[in-house]
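The values are calculated or read from the model by the stated rules, or taken from the named source; none is laboratory data. Worth saying up front: this structure is predicted, and the values here are computed from it rather than measured. When we count neighbours, we look across all protein chains shown, and the Cβ atoms used for this are built from the backbone with ideal geometry, even at glycine. The area values use the complete protein model at the heavy-atom level, side chains included, leaving out ligands, DNA and RNA. Shrake-Rupley method; radii C 1.70, N 1.55, O 1.52, S 1.80 Å.
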Amino acid sequence: MRSAYITGTGTCLPGPAIGNDAMETYIGTLSPVHSRLGRATLRHNGIQQRHYARTAEGQTTHSNAQLATAAIRAALHSARCRDNRLDLLCTGTTQGDLLVPGFASAVQAELGISNLEVASFQSVCASSLMALKTAMMSVQTGQSDAAAVSGSEYSSRWFQPSFYADDYRNNPDPGIEFLRYTLSDGGAAVIVEPEPLPGRRALRIDWIEQRSFADRFPNCMYAGAATNGAEATPWSVYASPSEAHQAGAIALKQDFKLLYELFPVWIGYYLELLDRRQLSPNDIDVFLPHYSAESLGQEMQRLLQATGAMIPPERWFNTLSERGNTGSASLFVMLNDWLDRADPQPGQRLLCFVPESGRALAAFMHLTVV
């Protein structure tokens, strides 16, 4: 079986970097109470700036598919890979621009590249690693010779005041405001090939593992129902989309209390992987963890310290504070930033971690610099 290498990376972070003071110009203001919850969120998440695919006047600058496309084109340039060499496109996103058809089809159309196999993955933050695992296995088995993989989000559309039911102005939810003031827009991509270019460094994908715990937990981050209870009515069976909207079944929500209950499960899976892969935390040269808030990163460190499985903190690399939380794009954004800023040395080992709160899953990827 062949190896699979990440030979190029690219990002699309639209528009200027938006500081905390200017956020509400782009996502709108609901009420002074909502704004206070938002400021509290910013103290917890540690984000200083982010990007939005819209102007301060409310005009959309990029669709989700266009964010993915621009990132893929940047990755192709980085990999020195011509369009006509691509034979597989795998996309990950929380929600495409349309409900139907699949998101990868929209990205292929934007790219304008023919003769592609496509695969669309719809989840939350880990959807990009689901897509990358498919590309990795396709390259390893010889079914593909050049694959593009993207993660992208147009999250800010969810946060406009008109997306919320009328009575939400009088009944703010800290979980909803956490997402409003944490998620932002962006796309990122990687190119996967069976051989690195001669004389250029690349990242060998050693393995990708993912496990879902949906049998143990209800929805934690969700849209399409008013609550995350087992009997919640899906948006699609209301009498009309407007009725679902007024019932609060359209808004993007986070059960923040449940989120903290997921961390011990994710860390337990990490410990299992260490044993099964015969991996020591000290073996990892660079750790790229995705988390939506600095406070959650601190919780991750606390649990790792308590279990004796802490990767030394000086080996952690994360750009949440300056890039924002771009969901499925976040890991690829971090990877691109690390490659731009570090001096990768052959033999360095990277461990990437993406915990997904949607309905409790965790994904890990191990890379080696070659």
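Computed values, structure above
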item: For ALA40: the one exception among (1) open to solvent by 60 Å² or more (accessible area, probe 1.4 Å); (2) over 28 Å from ALA148 (Cβ atoms); result: (1)
item: Within region 43-60, considering residues that are within 20 Å of the chain's Cα centre (by Cα) and open to solvent by 50 Å² or more (accessible area, probe 1.4 Å), the one farthest from LEU296 (Cα to Cα); result: GLN49
item: Cβ-Cβ under 7 Å pairs, at least 6 apart or on other chains, region 130-145 side closer than 10 Å to ILE205 by Cβ, far side among the aliphatic types (A, V, I, L, M) and at pLDDT below 95; result: GLN140/MET1
item: Members of region 157-193 that are within 30 Å of LEU339 (Cβ to Cβ) and either among the aliphatic types (A, V, I, L, M) or surrounded by fewer than 18 Cβ atoms within 10 Å (Cβ to Cβ) (or both); result: LEU179, LEU183, ALA188, ALA189, VAL190, ILE191, VAL192
item: Conditions (1) open to solvent by 50 Å² or more (accessible area, probe 1.4 Å); (2) without any contact (Cβ under 8 Å) to a residue 24 or more places away in the chain: number failed by SER35; result: (1)
item: Of all residues making up region 67-102, the number that are modelled with pLDDT under 95 and in contact with a strand residue (DSSP E or B) (Cβ under 7 Å, 6 or more places away or on another chain); result: 1
item: Some residue of region 259-275 being more than 17 Å from ALA360 (Cβ to Cβ), in contact with a strand residue (DSSP E or B) (Cβ under 6 Å, 6 or more places away or on another chain) and open to solvent by less than 50 Å² (accessible area, probe 1.4 Å); result: no
item: Any strands (runs of 3 or more DSSP E) falling wholly within region 146-241 and containing at least 2 residues that are of a type in the set (A, V, I, L, M, F, W, C) and in contact with a Lys or Arg (Cβ under 9 Å, 6 or more places away or on another chain); result: 203-212
item: Residue within region 308-317 that is more than 29 Å from GLY96 (Cβ to Cβ), open to solvent by 40 Å² or more (accessible area, probe 1.4 Å), part of a helix (DSSP H, G or I) and touching a Ser or Thr at 6+ places or on another chain (Cβ under 8 Å) present; result: no
